[in-house]
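Everything on this sheet refers to the single structure shown next.
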Amino acid sequence: MSGRRSAAVALCVAALSALAWLAGGAPTPPAEWKEVAPGVWRSSGFPAGHALVTGKKALLIDAPHGAAGLEAQGLKATMVLLTHHHHDTLTALPELLKAGVPVRAPAASAPYLGKEGVEKHWKEQFPLRNSRTAYLVVPEPLPEVTCDIKDRDVIRWEGWEIEAIATPGHSPDHKAYLVKLEGGRRVLFAGDALAAPGKLWSPYTTD
């Protein structure tokens, strides 16, 4: 009996943990942001978020963390660009949208963020009929996100030119963003497709 009781307790704990995860989990302290190149900031934690900064304005690339850490340094998020639809890179998106920050995403992200696509995805997941990595899709649709960025589109923001480059693999909708910095130096923002120099993170989740 004790073995059955222990198993039941373990199952309950696992279920509660899963529910907490889907609900966003417990509040976490704001991420710390540091300037890693002139005008380029990176957050702590994994996956890391990035920001282009000019004056007191910041453009976020992905939103794994909210803007509180930037605001603590006198910076204000004025736009978000998403590289792809994976949930771990969008954790802070609801609070940013609620604050009125405009968010743009690849056009190919629409089925993974819109109401119809998200509801269809989760309806097909239970009972588990396939082995797709369901946790990668947001639990609730985000219809406020504008999904309109196509390959080679150029986004202009505060004098910066940001070129979108199709890089499917980590996800089918993945876009990287190429930015030219002062002095002609170029930086490519690839979301969390790369976790360390020369290292692909968890290839088994590659869509």
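The values are calculated or read from the model by the stated rules, or taken from the named source; none is laboratory data. Note that the structure is predicted; figures quoted are calculated from it, not measured. Because the Cβ atoms are built from the backbone with ideal geometry, glycine has one as well, and the counts that use them run over all protein chains shown. For the accessible areas, the whole protein counts, side chains as well, though only heavy atoms, and no ligand, DNA or RNA atoms are used. Shrake-Rupley method; radii C 1.70, N 1.55, O 1.52, S 1.80 Å.
Over segment 64-172, average the accessible area per residue using a 1.4 Å probe and give it in Å², no decimals.
Averaged over the residues of segment 64-172, the accessible area is 52 Å².
Once phi is turned into ³J(HN,Hα) by the Karplus curve 6.51 cos²θ - 1.76 cosθ + 1.60 with θ = phi - 60°, what whole-Hz value does each residue of segment 173-186 show in order, with x for glycine and proline?
Along segment 173-186, the couplings run 9, 5, 10, 9, 10, 9, 10, 8, 8, 4, x, x, 5, 10 Hz.
Quick one: net charge of A99's neighbours, Cβ under 13 Å, K/R +1, D/E -1?
-1
What residues qualify as long-range amide H neighbours of S171, i.e. H under 5 Å apart, gap of 5 or more or another chain, H built at 1.01 Å from N?
Distant-sequence amide H within range of S171: D207.
Based on the Kirkwood radius over alpha-carbon pairs, what is the Stokes-Einstein translational diffusion coefficient of segment 139-193 at 37 °C with 0.692 mPa s viscosity, in µm²/s?
Answer, rounded: 260 µm²/s.
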